[in-house]
Amino acid sequence: MTFAKLIVSLLTLWAGSAFAQSAQLPGVAINFGQGTNLVDTIEVLVLFTVLTMAPAIVILCTSFTRIIIVLSFMRQALGTQNLPPNQLLIGFAMFLSIFVMMPTGKVVYENGIKPYMAKQIDTTQALTVLEAGLRGFMQKHVRKNDIGLFYEVSGEVIPNDVNAVPLHYLIPAFIISELKTAFQIGFLLYIPFLVLDMVVASVLMAMGMMMLPPMLVSMPFKLLLFVLVDGWALVTGSILRSFN
C-alpha cells in the first residue's frame, strides 16, 4: 500500500509540474468561450444532433422500414427460421433502400451537401434541403387517412395542402403507412406457402401420419417452389415497384 501511495504521489506531482510548464509557454492561451460566435456554436450543436439521429432517420424516414418487414415476412413464410440471417437481410434491405432513395439522395447532394462542403451555404440551409428531400419522398407515399389520424387526436384543423403538414405529424403518419403497406405485401406472400402447408397437412392426415409435423415435410417443397419461380427476384421486384 505504501509503495502504491508513493507511485500515485509521484504521478500527481509530475502531472502538476508538466501542466505548470505548459502554462508558462509563450503564445499559449486558454480560451473558455470569449470571442466565439454563439450562432456558429448552436449550428454545430444542431449538426451533431442530426448526426446522432441519423440511424433513426435512415430507418423510419426512408424505404427501409417497408423493405425489411417484407423480407422478414418472406423468411417466416418459407419457415427457414434464421436463414437468411439477420445481418444478410438488413444489409440487403439497406442496399435496396439506397437504390430506392437514390433520386432523393442526388437532389439532396446537389442542392445541399455539395454547396455546404464548398461553403456556399450554411448548416441551416443544408438541413433545410435535407428536410425538403425527405419530405418529398414521405409525402409521395403517406396516406391521407394516416395524417388525418394525428390531426383528429390533436384536435387541430387539417390543412388543405400536404406541404403545410409539419414534420412531427408527417413522420409518424408515414411510418404507419409503411407498416400497413408492408403487412399487406407480407399477407400476399404468405398465401401460396399457406396453401402448400394445408395441402401437405391434408395428405399426411389422409395417409394416417398424424404424428409427422407438416412443416417438416412442406419445407423442401416450399424451397423447391421458391427456387423454381425465382422467388427472390419476384419479391425484390414487387418491393421496388411498390415505390413507383
Next on the checklist: Suppose we look only past 21 Å in the calculated P(r) of the range 36-189. What percent of the Cα-Cα pairs does that tail hold?
Outcome noted: 56 percent
Item to check | Proximal lysines to Lys119, defined as alpha-carbon separation beneath 22 angstrom and excluding residues fewer than eight positions away on the same chain | outcome: Lys106
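Using the count of nearby Cβ atoms within 10 Å as a rough guide to exposure, how do Met210, Met215 rank from fewest to most? Don't jump to the answer; show the numbers that get you there.
Values: Met210 9, Met215 12.
In increasing order of surrounding Cβ atoms, one gets Met210, Met215.
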Checklist entry - Spin-label point model (7 Å from Cα, Cβ direction): what's the Met53 to Phe99 distance in nm? => result 3.0 nm
Next on the checklist: Using a 7 Å offset from the Cα along the Cα-to-Cβ direction at both Asn160 and Ile42, what is the distance between the two label points in nm, to one decimal?
Outcome noted: 3.5 nm
Checklist entry - Expressed as a fraction of 2.2 N^0.38 Å, the rule-of-thumb size for a compact globular protein of N residues, what is the C-alpha radius of gyration of the range 72-147? => result 1.54
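Given Cα pairs under 8 Å that are at least 6 residues apart, what percent is the relative contact order of the range 36-189? It would help to have the intermediate numbers written out before the result.
Working: 113 pairs, mean separation 48.3, N = 154.
About 31 percent, as a whole number.
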Item to check | Exposure proxy order (Cβ contacts within 10 Å, fewest to most) of Glu131, Glu178 | outcome: Glu131, Glu178
Next on the checklist: Taking R0 as 45 Å, what FRET efficiency do you get between Ala132 and Val195 from their Cβ-Cβ distance, rounded to the nearest 0.05?
Outcome noted: 0.50
Next on the checklist: Only counting other Cβ atoms within 10 Å, I'd like Asp146, Asp230 sorted with the fewest neighbours first.
Outcome noted: Asp230, Asp146
Item to check | Relative contact order for the range 119-244, counting Cα pairs under 8 Å that sit 6 or more residues apart, in percent | outcome: 20 percent
Checklist entry - Based on the Cβ-Cβ distance of Tyr109 and Gln81, what FRET efficiency does E = 1/(1 + (r/R0)^6) give at R0 = 45 Å, to the nearest 0.05? => result 0.70
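A short reminder: the numbers here are calculations on the coordinates, not readings from a lab. Predicted, not measured: the structure shown is a model, and the values here were computed from it. Heads up, the Cβs are rebuilt from the backbone with ideal geometry, glycines too, and the neighbour counts pull from every protein chain shown.
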